[in-house]
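The structure under discussion appears below in the form of structure tokens.
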Amino acid sequence: MPAKDLSVEPDEGIPNEREIRASFDDATITVYQAYSPDIARPAALRAGTFVPPFKRDRMTWIKPSFLWMMHRSGWGTKPGQDLVLAVRMTRAGFEEALSRATLSSFDPGTWKARLGATDVRVQWDPERAISLDSLPHRSIQVGLKGKAAAQYVDDWIIDVEDVSELAGTTHASGNEDTPLARRTCFRR
């Protein structure tokens, strides 16, 4: 089945305040991460998953929104975020992670009780336009550590693609907010 695009076009009306925007099909979802070449090249070019020097004991954040990743990585120009990766992972894994998540923005009592019981964090940040300006609705990012990070690396990742060139080309186009540019950003 071809990938579906969850991006919201401005002419579709007002999106929900919190909405997962991603490219997905029945079995997979694409998330984005940016790393230094030392981490990204072995993953993207050889192993098809993350290998050392990737640190499994640290929280790793996955972002279904390409444009939020572009905001975070400065279109792949920030130090240590030079290479932008499109990680195709199982939908089942993504959904399992969400089912185990605790919000990073929280009611202190509830959060403290759940903090030790979960290895997944969810954070909702302002979605970005192609210009990287903040939009009024939010996009999800998911933090994985411990068992969840191990499952992500060992079981949930299907393949990893270096999309740094796409990031650079899109950025070089002047960030024009056109239907073609929006389709390019959400082509996965």
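I need the full set of residues from region 70-80 which are of a type outside the set (S, T, Y) and either surrounded by fewer than 19 Cβ atoms within 10 Å (Cβ to Cβ) or free of Cβ contacts under 8 Å to residues at least 24 places away in the same chain (or both), in order please. If the condition is that a residue be of a type outside the set (S, T, Y) and either surrounded by fewer than 19 Cβ atoms within 10 Å (Cβ to Cβ) or free of Cβ contacts under 8 Å to residues at least 24 places away in the same chain (or both), then G74, K78, P79, G80 are the ones that fit. Of all the criteria given as (1) modelled with pLDDT of 95 or more; (2) under 22 Å from P15 (Cα atoms); (3) not in a strand (DSSP E or B), the one not satisfied by L132 is (1). With respect to P37, is the statement that it is at pLDDT 70 or above and buried (at least 16 other Cβ atoms within 10 Å of the Cβ) true? Against the criterion (at pLDDT 70 or above and buried (at least 16 other Cβ atoms within 10 Å of the Cβ)), P37 does not qualify.
Residue-wise test of (1) at pLDDT 95 or above; (2) surrounded by 21 or more Cβ atoms within 10 Å (Cβ to Cβ); (3) charged (D, E, K, R); (4) at positive phi.
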site: A22; (1), (2), (3), (4): no, yes, no, no
site: A27; (1), (2), (3), (4): yes, no, no, no
site: A44; (1), (2), (3), (4): no, yes, no, no
site: P52; (1), (2), (3), (4): no, no, no, no
site: K55; (1), (2), (3), (4): no, no, yes, no
site: W68; (1), (2), (3), (4): no, yes, no, no
site: E95; (1), (2), (3), (4): yes, no, yes, no
site: R100; (1), (2), (3), (4): no, no, yes, no
site: K112; (1), (2), (3), (4): no, no, yes, no
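Of the residues making up region 147-171, those that are closer than 28 Å to D119 by Cα, of a type in the set (D, E) and either in contact with an Asp or Glu (Cβ under 7 Å, 6 or more places away or on another chain) or outside any strand (DSSP E or B) (or both) are D154, D155.
The rows are residues; the columns are (1) among the hydrophobic types (A, V, I, L, M, F, W, C); (2) closer than 30 Å to H137 by Cα; (3) within 16 Å of the chain's Cα centre (by Cα).
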site	(1), (2), (3)
F24	yes, yes, yes
A27	yes, yes, no
Q33	no, yes, yes
R56	no, no, no
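State whether one or more residues within region 164-172 are surrounded by 15 or more Cβ atoms within 10 Å (Cβ to Cβ) and among the hydrophobic types (A, V, I, L, M, F, W, C).
yes
The values are calculated or read from the model by the stated rules, or taken from the named source; none is laboratory data. Computed from a prediction, not measured in an experiment: that's the story for all the values here. Neighbour counts run over all protein chains shown; Cβ positions are idealised from the backbone, glycine included.
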